[in-house]
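Below is one structure, written out as structure tokens; comments come after it.
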Amino acid sequence: MSFFRKKKRTVKKPQLLTPSKLVSQKENTPTSSSLTETEKQIKDILGNNEDLKIKHFKIFGQFSAACVYFSSLVDKDSLNKDILKSLMYEPDHLMGKEKPLTQLIDMILTETIYHSEAKVGDSIDQLIQLMLRGETVIFIDGIKEAIHIGTRKVEKRAIDQPQTEQVILGPREGFIESIATNIALLRYRLPTPDFQVKTMKIGRLTKSTVAICYLKGIANETVIKEVEKRLSEIDIDAILDVGYLEQFIEDNPFSPFPQTQSTERPDKTVANLIEGRVAILVDGSPFSLLVPVVFNQFYQTTEDYSSRFLMGSFVRLARILALVFSLIFPSLYVSLISFNPELLPTEFAVAVAGGRAGVPYPAVIEVLIIEVSMEILREATVRLPKQVGGALSIVGVLVIGQAAVEAGLSSPITVVVIALTTIGSFATPTYTAAFALRMLRFPIMILAGIFGLYGVMVGVIFIFNHMLSLKSFGVPYMAPVSPSDYEGMKDVVVRSPLWWMPKRPDFLHPSNQSRLSENENKMLEHSKLGNDQREGTTDGGSEGNNSTSSHNDLN
Amino acid sequence: MGDPKEITALQATTILISTIIGVGVLPLPLFAVRAGETSAPFVTLTGVFLAAIGLMILTYLGIRHPHKTIITYSQDIIGKWLGKIFSIVVIFFFLILSSLTAREFGAVVVTAVLRETPLEVTVIVMLLLAAISCRNNINVFAYIHNLYVPMILAPVLIVVAFSLKNANLLYLRPIFLGNDLWNMAGGMLTVSALFQGSFIITMIIPAMKTPKKAMKASLWGILISGGLYLLIVIATVAIFGPEEIKQIFWPTLELARTTAIPGNILQRLDIIFLAVWVLAVFTTLFSSYYFTIHSIKELFRLKDHKVLSYFILPFVFFLAMAPQNVLHMYEIIQLIGRAGLLITIIYPAFLLLIDFLRSWRRKKNVAKPS
């Protein structure tokens, strides 16, 4: 943050003519027809930079010209082969033809240059902006206009497995920083004209490209408009990650609960687009932001849908249990131990009391101490280099846990409870949602220490009421549970088989609801028949003509 | 009323159920047995029936005026000033009802769970919870009820189901013990007073998507909550017998205490039952509190009810602290409850009658010139 503050201060200093101000002064000033003068103008503004290159050459051996670019941003290979070579070496079909200066630009664009992204520009500020984005600009002596060519090449990492959302079954691709690649990953999965990508630039300094992706005809129009409106109202110097946008567009910034979902997975993004959500991508961020969200999607993963429905539902049930654990398990423990030990079966109560015999603190203090140290451990493990991380978690969890019990700082059951809670919070697939519950655990624990089970109940009611009052882009946060929606309920606790969910969830108000086509679905027919009956039918899966299905698409 | 009208019939039903089921669950069998001994279920049934009639009248009135609550349409029917006076009485009644709910809750918590915590603290925590939640709009109000209803119904049903193995049908006979009809009538009134929360329907109808479905919602609402109450009375009477119930203050809590779930996961169920019962009390308190501030808003034609939520908090708190002890509190509750029937049943009936007369006269007037 200090970085930004410093920036602000320099901006506040009066009358310092920064290059950007020089550029904005030159707004809409046309480029001069004289090459030397243009060169001087550019050097005035950008001359300090080592990587600004100006190369003089002669087009077709007769017109003197200069190409200006940032050597750090452009693809030199393409610059040399496709641009300079084609311009300096007069092609056969132009040999001997008359080349008047007025038609030169047209001739270069249409007949000479081997590059798809060559355009004409004529104001100096615009050309400088383009240069800063990696384009090469060619000025020709005697011509006012200049040619700018998209030669941007920035180093990017390879497409990798998403680190935060790993799955066992399902695609392995994750988003990377470059927005062009990310959009390509989405388009690759959605080859339909309905898939729309609207872009805008946000950030006075970073001018980050922000893309709003949605499926026209499925996503709700009002949501799309609302997203555009909220994004266009942002006026900030820098957007470095999608998280910056999130903080500007969410409905309730003071809520601990995330009101947008960010994901690293293109397949998840596409699945959400198809349900009628809108995805927001930012150049430089490997995350997409999905709106509107409801709470139940934070414990769902794409894996639930790609595995068979019994499996998916079972795993989801386990995850919900883990979610509940991570929120109230320590507070339940505290209230049972310090207020209502009579609830526990006698043998267990005796064991608990025995374990706590040497511990001087009340249960709530003990749990709080262990819980806080657990949080510190967790944060430390994230920051540590990979090589040390494993060692630390062993030392931290095993050694300290054991020693704490032996030293009488905590009882063994407390350690078990906290360990279960921590593991439970890791089972929630979405980091932000898990974080919300992790934070809310502390106030509930304190309430449990004061009021016992009654306190836990009050805390839980309070959290639920808050969640019920939240809205994400007009969609109630707890939909489809409350307000209940029949189609949506099929995909909350259990993940119903795909052929049981013929409609898109209604709570997102999609423009087009049908997921399965109306006509008879082969899949359904199969599943209605018993196994022994299927052998006789002719339209079974073993016919063989399935294998011919469009090999062309497999590239 | 800037909120979109989104409340569905299902949501209206759940609002009614969770509003009606509240603190009353605990002492209900006692009330019924005091009035009718073994015919306690019969007393409960008549009480439910009476409450149902009141609710039907109210719903019918609401459907006749689908854009208004009782606060506003009463002014149309019986005139501006008379309507306002009656509305103030209604508001004041619900203010008292909220405070008594909170007080009764506090009393149970202090006696059964948190013996060392001061009564004031438990009451103020509950009131604060309601006050903060009341700052939402009416749709969120509906969502909240909608979510909690299954959680309220389930534990009661579980306790009843697991306890029935100890039931003795002999305790339920004779079904109609007609020795003290006057006393039974009183019990009937007390039982139907437990349903006074259903008055909330008048606030729900104007916010419903299709107000016509309100009748269906109230029928289902009273059917489910009444059925549950009846079930509780039958179960407790069948297990403890009328004589023993008279000795117990909160028979339903005792019922939970004697119940054990197979597998010995938890030694006792009553604490868990009480914990979930906090939910039931919260929804009831939430409804009456919300109704109070919403009605004040309508009466004075204010734009927003949010500020009122904290404003009436001290009043409710002081009213809640007024009864001296538990016995005094239950005397007041019975008294207020029966008096409240005048407001929740007689007053709407009176409004409906006048409304009928007016529309009949209007029709005659229209018919005359033509």
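The values are calculated or read from the model by the stated rules, or taken from the named source; none is laboratory data. Owing to the predicted nature of the structure, the values given are computational and were not obtained by experimental measurement. Cβ: placed from backbone, ideal geometry, glycine included. Neighbour counts: every protein chain shown.
Taking the conditions exactly as written (without any contact (Cβ under 8 Å) to a residue 40 or more places away in the chain and surrounded by 13 or more Cβ atoms within 10 Å (Cβ to Cβ)), does A:Leu104 satisfy them or not? Show your work before the answer.
Numbers: without any contact (Cβ under 8 Å) to a residue 40 or more places away in the chain: no; surrounded by 13 or more Cβ atoms within 10 Å (Cβ to Cβ): yes.
It is false that A:Leu104 is without any contact (Cβ under 8 Å) to a residue 40 or more places away in the chain and surrounded by 13 or more Cβ atoms within 10 Å (Cβ to Cβ).
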Legend entry - Close pairs (6 angstrom Cβ cut-off, 6 or more residues apart or separate chains): closer than 30 Å to B:Trp277 by Cβ and more than 7 Å from chain B (Cβ to nearest Cβ) in the range A:461-474, buried (at least 22 other Cβ atoms within 10 Å of the Cβ) and of a type outside the set (Ser, Thr, Tyr) anywhere: A:Met467/A:Met478
Legend entry - Residue satisfying condition, being on the phi > 0 side of the Ramachandran plot and either surrounded by 17 or more Cβ atoms within 10 Å (Cβ to Cβ) or of a type in the set (Gly, Ala, Ser) (or both), within set A:Gly134, A:Gly174: A:Gly134
Legend entry - Among the residues listed as B:Leu16, B:Leu50, B:Leu26, the single one being under 21 Å from B:Ala207 (Cα atoms) and out of contact with any strand residue (DSSP E or B) (no Cβ under 9 Å at 6 or more places or on another chain): B:Leu16
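Here's the yes/no breakdown for (1) away from chain A (no Cβ under 13 Å); (2) surrounded by 20 or more Cβ atoms within 10 Å (Cβ to Cβ); (3) under 30 Å from B:Asn136 (Cα atoms):
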site: B:Met215; (1), (2), (3): yes, no, yes
site: B:Trp220; (1), (2), (3): yes, no, yes
site: B:Gly226; (1), (2), (3): yes, yes, yes
site: B:Val233; (1), (2), (3): yes, yes, no
site: B:Ala275; (1), (2), (3): no, yes, yes
site: B:Ala280; (1), (2), (3): no, yes, yes
Legend entry - Members of the range A:107-131 that are among the acidic types (Asp, Glu) and either within 35 Å of the chain's Cα centre (by Cα) or surrounded by 15 or more Cβ atoms within 10 Å (Cβ to Cβ) (or both): A:Glu117, A:Asp125
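Only one residue in A:Ala322, A:Ala271, A:Ala279 is touching a residue at least 12 places away in the same chain (Cβ under 8 Å), assigned to a helix (DSSP H, G or I) and over 25 Å from A:Ile423 (Cα atoms), so which one is that?
Working: A:Ala322 fails: over 25 Å from A:Ile423 (Cα atoms); A:Ala279 fails: assigned to a helix (DSSP H, G or I).
On inspection, the qualifying residue turns out to be A:Ala271.
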Inset, instruction - Select from the range A:249-271 the residues that are of a type in the set (Gly, Ala, Ser) and surrounded by fewer than 21 Cβ atoms within 10 Å (Cβ to Cβ) and write down the one among them that is farthest from A:Arg438 (Cα to Cα). - result: A:Ala271
Inset, instruction - Can you run down the residue pairs with Cβ atoms below 7 Å, 6 or more apart or on separate chains, where the first is in the range A:397-408 and more than 15 Å from A:Ala419 (Cα to Cα) and the partner is surrounded by 11 or more Cβ atoms within 10 Å (Cβ to Cβ)? - result: A:Gly408/A:Gly358; A:Gly408/A:Val359
Inset, instruction - Please give the number of the condition A:Pro193 fails out of (1) modelled with pLDDT under 90; (2) in a loop (DSSP other than H, G, I, E, B). - result: (1)
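Just the residues that are of a type outside the set (Gly, Ala, Ser) and without any contact (Cβ under 8 Å) to a residue 12 or more places away in the chain, please, taken from the range A:46-67. Step through it out loud before you land on a result.
Narrowing the range A:46-67 to residues of a type outside the set (Gly, Ala, Ser): A:46, A:48-60, A:62-63, A:67.
Within the range A:46-67, A:Asn48, A:Glu50, A:His56 qualify.
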Inset, instruction - Count, please, the residues in the range B:191-222 that happen to be of a type in the set (Ser, Thr, Tyr) and either touching a Pro at 6+ places or on another chain (Cβ under 6 Å) or closer than 15 Å to B:Leu285 by Cα (or both). - result: 1
Legend entry - B:Arg301, sole failed condition from (1) in contact (Cβ under 8 Å) with a residue 60 or more places away in the chain; (2) surrounded by fewer than 20 Cβ atoms within 10 Å (Cβ to Cβ); (3) more than 22 Å from the chain's Cα centre (by Cα); (4) more than 13 Å from chain A (Cβ to nearest Cβ): (1)
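With the condition being modelled with pLDDT of 85 or more, I'd like the helices (runs of 4 or more DSSP H) fully within the range A:10-99 carrying at least 1 qualifying residues.
Numbers: elements: A:19-25, A:35-46, A:85-88.
Hits in the range A:10-99: A:35-46, A:85-88.
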Legend entry - Options B:Ile17, B:Ile57; residue that is assigned to a helix (DSSP H, G or I), more than 14 Å from chain A (Cβ to nearest Cβ) and at pLDDT 90 or above: B:Ile57
Legend entry - Hey, A:Leu409 farther than 26 Å from A:Val293 by Cα, not assigned by TED's automatic domain parsing to the domain that holds A:Leu289 and not in a helix (DSSP H, G or I) or not: yes
Legend entry - Members of the range B:34-76 that are buried (at least 23 other Cβ atoms within 10 Å of the Cβ), in contact with a Lys or Arg (Cβ under 9 Å, 6 or more places away or on another chain) and closer than 22 Å to B:Phe356 by Cβ: B:Gly62, B:Ile71, B:Ser74
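Quick check: is even one residue across the range B:129-136 more than 14 Å from chain A (Cβ to nearest Cβ), part of a helix (DSSP H, G or I), of a type outside the set (Ser, Thr, Tyr) and in contact with a Ser or Thr (Cβ under 8 Å, 6 or more places away or on another chain)?
Kept after step one, since they are more than 14 Å from chain A (Cβ to nearest Cβ), are these residues of the range B:129-136: none.
Looking through the range B:129-136, none of the residues is more than 14 Å from chain A (Cβ to nearest Cβ), part of a helix (DSSP H, G or I), of a type outside the set (Ser, Thr, Tyr) and in contact with a Ser or Thr (Cβ under 8 Å, 6 or more places away or on another chain).
For the range A:393-412, check the following and say yes or no: at least one residue is among the polar types (S, T, N, Q), away from every other protein chain (no Cβ under 14 Å) and crowded, with 18+ Cβ neighbours inside 10 Å.
Taking the range A:393-412 as the starting set, the residues that turn out to be among the polar types (S, T, N, Q) are A:393, A:402, A:410-411.
Still in the list and also away from every other protein chain (no Cβ under 14 Å): A:393, A:402, A:410-411.
Applying the additional criterion that residues be crowded, with 18+ Cβ neighbours inside 10 Å yields A:410-411.
Within the range A:393-412, one or more residues are among the polar types (S, T, N, Q), away from every other protein chain (no Cβ under 14 Å) and crowded, with 18+ Cβ neighbours inside 10 Å.
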Legend entry - Residue list for the range B:113-128, restricted to those being closer than 19 Å to B:Ser287 by Cβ and assigned to a loop (DSSP other than H, G, I, E, B): none
Legend entry - Residue list for the range A:133-174, filter: in contact with a strand residue (DSSP E or B) (Cβ under 7 Å, 6 or more places away or on another chain) and over 22 Å from A:Ser64 (Cα atoms): A:Arg133, A:Gly134, A:Arg152, A:Lys153, A:Glu165
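State yes or no: is A:Val364 outside any loop (DSSP other than H, G, I, E, B) and surrounded by 18 or more Cβ atoms within 10 Å (Cβ to Cβ)? Even if it seems obvious, please write down each step before you answer.
Numbers: outside any loop (DSSP other than H, G, I, E, B): yes; surrounded by 18 or more Cβ atoms within 10 Å (Cβ to Cβ): yes.
Taking the combined requirement at face value, the residue satisfies it.
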Inset, instruction - Please specify each residue of the range A:448-459 satisfying the condition of being more than 9 Å from every other protein chain (Cβ to nearest Cβ) and surrounded by fewer than 24 Cβ atoms within 10 Å (Cβ to Cβ). - result: A:Gly449, A:Gly459
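Residues A:Val458, A:Val399: which one is under 19 Å from A:Leu332 (Cβ atoms) and part of a helix (DSSP H, G or I)?
Values: A:Val399 fails: under 19 Å from A:Leu332 (Cβ atoms).
From the options A:Val458, A:Val399, the qualifying one is A:Val458.
Can you name the residue in the range A:306-319 that is of a type in the set (A, V, I, L, M) and without any contact (Cβ under 8 Å) to a residue 40 or more places away in the chain and is also surrounded by the fewest Cβ atoms within 10 Å (Cβ to Cβ) among such residues? If you could, list the steps in order and put the result at the bottom.
Kept after step one, since they are of a type in the set (A, V, I, L, M), are these residues of the range A:306-319: A:310-311, A:315, A:317-318.
This time we only want the ones that are without any contact (Cβ under 8 Å) to a residue 40 or more places away in the chain, so: A:310-311, A:315.
Details: A:Leu310: 11, A:Met311: 14, A:Val315: 16.
Checked the range A:306-319; the qualifying residue surrounded by the fewest Cβ atoms within 10 Å (Cβ to Cβ) is A:Leu310.
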Legend entry - Residue match in the range B:150-161 (condition: surrounded by fewer than 21 Cβ atoms within 10 Å (Cβ to Cβ) and either at the interface with chain A (Cβ under 9 Å from one of its Cβ atoms) or small (Gly, Ala, Ser) (or both)): yes
